[in-house]
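*Asks:* This structure is in structure tokens; I'll ask about it shortly.
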Amino acid sequence: REILTPHSLPAPFTLVVLIAVIVIKEVLFRGLSHVGRNASSLSLEADAWHHRSDALTSAAAFIGISIALFMGEGYESADDWAALIACAVIAFNGIHLLKRSIAEIMDAAPSAAIVARIKETARGVEGVRGIETCRVRKSGMGYWIDIHVEVEASMTVREGHEIAHDVKDALCAERFHVIDCNIHIEPA
């Protein structure tokens with residue numbers, strides 16, 4: 001209705017307000033996104049994307065209002081078209097965050113890079129000859145790890161048990177946010 005119905009031009013002071021909103025919201029996005037990644041918190045990252053959506057929709061409004069103000073009569077609806085673009089940005093971000101949230105709720109496997117780092121950390125423990133199996137799933141802000149570590153076949157149970165503790169300690173010391181890990185010893 002607003003696009004089709006002629007109406008008055010937006011107030012010019014809104015451009016200054018929109019610039020301030022864009023800058024503040026982008027700074028908030030960057031800060032909260034950094035904290036969310038370091039904490040492996042999807043909720044913090046989602047909140048960060050809320051700030052990014054605000055910045056993007058404010059940028060769309062800025063462009064629409066600028067067109068309406070500088071082009072003058074006949075371009076009053078440019079702000080309303082910008083609002084439609086802002087709606088598309090919000091919908092896109094919502095779908096993106098929904099997909100990630102569903103994946104986390106369903107205990108989706110983490111990226112191959114994280115699994116590779118976990119295997120590399122376990123392989124770096126003295127006495128570990130290899131990794132037979134490594135299953136990792138994300139739950140909340142941390143990871144559950146189930147890993148089968150290969151050790152010398154002639155090793156005593158006590159020695160294998162000590163290596164299992166060393167592997168667990170090494171994994172928990174890394175920045176993986178390990179909730180718990182199950183270490184299974186395999187003869188190599």
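The values are calculated or read from the model by the stated rules, or taken from the named source; none is laboratory data. Because the structure is predicted, anything quoted here is derived from the model rather than measured. Don't worry about glycine lacking a Cβ; one is built from the backbone with ideal geometry, like all the others, and counts go over all protein chains shown. Areas reflect the complete protein model, heavy atoms only, side chains present, ligands, DNA and RNA absent. Shrake-Rupley method; radii C 1.70, N 1.55, O 1.52, S 1.80 Å.
*Asks:* Taking all protein chains in place and a 1.4 Å probe, what share, in percent, of the accessible surface of region 29-188 do carbon and sulfur account for?
*Replies:* Working: 5470 of 9260 Å².
Heavy-atom surface of region 29-188 belonging to carbon and sulfur, 1.4 Å probe: 59 percent.
*Asks:* Count the lysine pairs in the chain whose Cα atoms lie under 29 Å apart, taking only pairs 8 or more positions apart in sequence or on different chains. Could you put the intermediate results ahead of the total?
*Replies:* Working: LYS25/LYS99; LYS99/LYS119; LYS99/LYS138; LYS119/LYS138; LYS119/LYS168; LYS138/LYS168.
Total qualifying Lys-Lys pairs in the chain comes to 6.
*Asks:* Pull up all non-local amide H partners of VAL178: gap of 5 or more, or a different chain, and H-to-H distance under 5 Å with H placed in the peptide plane.
*Replies:* Correct list: TYR143.
*Asks:* Evaluate the relative contact order of region 84-188 (contact order divided by residue number), counting alpha-carbon pairs under 8 angstrom at least 6 apart; express in whole percent.
*Replies:* Details: 145 pairs, mean separation 27.3, N = 105.
With pairs under 8 Å counted, the relative contact order is 26 percent.
*Asks:* Return the FRET efficiency for the residue pair ALA91, ARG135: r is the Cβ-Cβ distance, R0 is 35 Å, and the value is rounded to the nearest 0.05.
*Replies:* Details: r = 35 Å, r/R0 = 1.00.
For ALA91 and ARG135, the calculated efficiency is 0.50.
*Asks:* In square angstrom, what is the accessible area per residue of the chain with a 1.4 angstrom probe?
*Replies:* 61 Å²
*Asks:* Same structure again: So what are the ³J(HN,Hα) numbers for region 22-36, from phi and the Karplus equation (6.51, -1.76, 1.60; θ = phi - 60°), rounded to whole Hz, Gly and Pro as x?
*Replies:* After applying 6.51 cos²θ - 1.76 cosθ + 1.60, I find 4, 5, 4, 5, 5, 5, 4, 4, 4, x, 5, 5, 4, 5, x Hz.
*Asks:* Right, here's the next one. Under 5 Å between amide H atoms, partner at least 5 residues away or on a different chain: which partners does GLU186 have, H built in plane at 1.01 Å?
*Replies:* VAL149, GLU150, VAL151
*Asks:* For ILE24 and MET106, what is the calculated FRET efficiency with R₀ set at 35 Å and r taken between the beta-carbons, to the nearest 0.05? Could you put the intermediate results ahead of the total?
*Replies:* Values: r = 35 Å, r/R0 = 1.00.
Step by step, r from the Cβ atoms, then E = 0.50.
*Asks:* Follow-up question, since we're still on this one. If region 18-70 were replaced by its equivalent ellipsoid, with semi-axes equal to the square roots of 5 times the Cα gyration tensor eigenvalues, what would those be, largest first, whole Å?
*Replies:* On the way: eigenvalues 153, 16, 5 Å².
Its equivalent ellipsoid spans semi-axes of 28, 9, 5 Å.
*Asks:* Along each of the three principal axes of the Cα atoms of the chain, give the extent in whole Å, ordering the values from largest to smallest.
*Replies:* The Cα atoms of the chain stretch 87, 26, 19 Å along their principal axes.
*Asks:* Taking θ = phi - 60°, what integer Hz values does the Karplus form 6.51 cos²θ - 1.76 cosθ + 1.60 yield along region 71-82, in sequence order, with x for Gly and Pro?
*Replies:* 8, x, 4, x, 10, 4, 7, 4, 5, 5, 5, 4
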